[in-house]
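Participant: Take this structure, written in C-alpha cells, and hold onto it; I'll ask about it next.
The values are calculated or read from the model by the stated rules, or taken from the named source; none is laboratory data. Model, not experiment: these values are computed from the prediction. Note that each Cβ is placed from the backbone with ideal geometry, even for glycine, and that neighbours are counted across all protein chains shown.
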Amino acid sequence: MTLKVLTVDDSKTIRRIVKKAFNAYDCEIFEGENGVEGLSLASKERPDLIILDITMPVMTGTEMLEKLKSEPFLKDIPVIMLTAESGKDNVMHIAKLGVTDYMVKPFKGEQLIDRVTKIAKLKPKPAAGGGVTGGTSYFVKAEGYYTLALPDKVSRPTIVGVEAQLPNALTEIKTSGGGRLVVDLSKSPNINMSTIKLIILVAQASTKAGVQYQVVGPEALDNELKGFQETSDLTVHAGIEQALAAF
C-alpha cells in the first residue's frame with residue numbers, strides 16, 4: 001500500500017529535500033506552502049504522515065497542528081515537526097504540542113528517512129517490468145550467483161530496503177542464481193551495528209530459504225562478526241573470487 005506523505009513548508013528547498021528523500025520508496029507526496037493549504041490537503045487526502053514546518057506565513061505549523069488535533073478524523077495522523085531552533089525550551093514546547101517527532105533544520109534526506117522508519121513502514125518502489133522488488137535493487141544478478149551490493153555506510157533505511165526486497169530476491173536466487181548469494185561489503189568500510197544487523201538478517205533468511213551465502217568485506221568486519229553468536233562462525237572473504245570458491 002502506497003504511503004501518503006504530506007509536507008507543509010513555505011520553503012520550496014525544504015519540500016524538495018523531503019520529496020527527494022522518499023524517491024526510492026512507494027510513497028505519494030503532497031505539498032503545502034502554509035498551514036491553510038496543509039490543513040486542506042490533510043482533510044482531502046488523509047495522509048499517513050505529515051512533515052510540518054513550525055514557522056510559516058498565513059497559518060503557522062503550531063496553528064495547523066492545533067486544528068489537526070481538534071479534528072477526530074485527523075488527530076491520530078503522525079506528525080514530524082521541523083524547527084530552526086534546537087534549544088531545550090523550544091524542544092519542550094514542541095513536545096507539548098503532541099507531535100510524534102521533530103527535526104532541527106538543516107537536515108539531510110537520509111536523516112528524515114531514519115526518523116520516518118520508526119513511525120511508518122516504508123516499501124521500495126516496485127521495479128518496472130517485475131523482477132526483484134525495489135526502485136534501486138540491492139540484489140544484482142551475476143553468472144551463476146547473485147550479489148547483495150551495499151553502500152559505503154549501512155543505515156536503518158538500508159535495512160528497510162533490503163528487508164523489503166529479500167523475499168523476492170531469495171526466490172529468484174534459488175531459481176536463476178544457482179542458489180548462491182554473495183553479500184558484498186567491500187565498499188562498506190564503516191562497520192556499525194546496522195551492518196551487523198543486516199548480515200544477521202540476510203544470514204537467517206537465506207538459511208531458512210535454502211540459499212547458500214558468503215560474505216565479502218574488510219578484515220575489520222571479520223573481527224566484529226566474531227563477537228556475535230549468530231555470526232561467530234562466519235568467514236569474511238577478501239574478494240568475490242574467494243567467496244565463490246567457498247561455496
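Participant: For the stretch 36-55, how many residues meet the condition of being closer than 18 Å to LEU97 by Cβ and in contact with a Gly (Cβ under 6 Å, 6 or more places away or on another chain)?
Facilitator: Matching residues across the stretch 36-55 total 4.
Participant: Tell me, which residue of the stretch 144-175 that is part of a strand (DSSP E or B) and not hydroxyl-bearing (Ser, Thr, Tyr) is modelled with the highest pLDDT?
Facilitator: Ranking the qualifying residues of the stretch 144-175, first place goes to LEU148.
Participant: If you scan the stretch 190-213, which residues turn out to be part of a loop (DSSP other than H, G, I, E, B) and touching an Asp or Glu at 6+ places or on another chain (Cβ under 7 Å)?
Facilitator: ILE191, the sole residue that qualifies.
Participant: Let me ask something else. From the residues in the stretch 192-214 that are under 14 Å from LEU148 (Cα atoms) and in contact (Cβ under 8 Å) with a residue 40 or more places away in the chain, which one is farthest from the chain's Cα centre (by Cα)?
Facilitator: Result: VAL211.
Participant: Right, something else. Mind counting the residues in the stretch 192-238 that are surrounded by fewer than 21 Cβ atoms within 10 Å (Cβ to Cβ), out of contact with any Lys or Arg (no Cβ under 7 Å at 6 or more places or on another chain) and of a type in the set (A, V, I, L, M, F, W, C)?
Facilitator: 10
Participant: While we're looking at this one, here's another question. Can you find a residue that is charged (D, E, K, R), out of contact with any helix residue (DSSP H, G or I) (no Cβ under 9 Å at 6 or more places or on another chain), assigned to a helix (DSSP H, G or I) and crowded, with 18+ Cβ neighbours inside 10 Å anywhere in the stretch 33-51?
Facilitator: yes
Participant: Going by the structure shown, is MET1 in contact with a strand residue (DSSP E or B) (Cβ under 9 Å, 6 or more places away or on another chain) and modelled with pLDDT under 95?
Facilitator: For MET1, the condition - in contact with a strand residue (DSSP E or B) (Cβ under 9 Å, 6 or more places away or on another chain) and modelled with pLDDT under 95 - is not met.
Participant: Taking LYS141, is it within 21 Å of ARG46 (Cα to Cα), at pLDDT 70 or above, surrounded by fewer than 19 Cβ atoms within 10 Å (Cβ to Cβ) and not acidic (Asp, Glu)?
Facilitator: No; evaluated as a whole, the condition is false for this residue.
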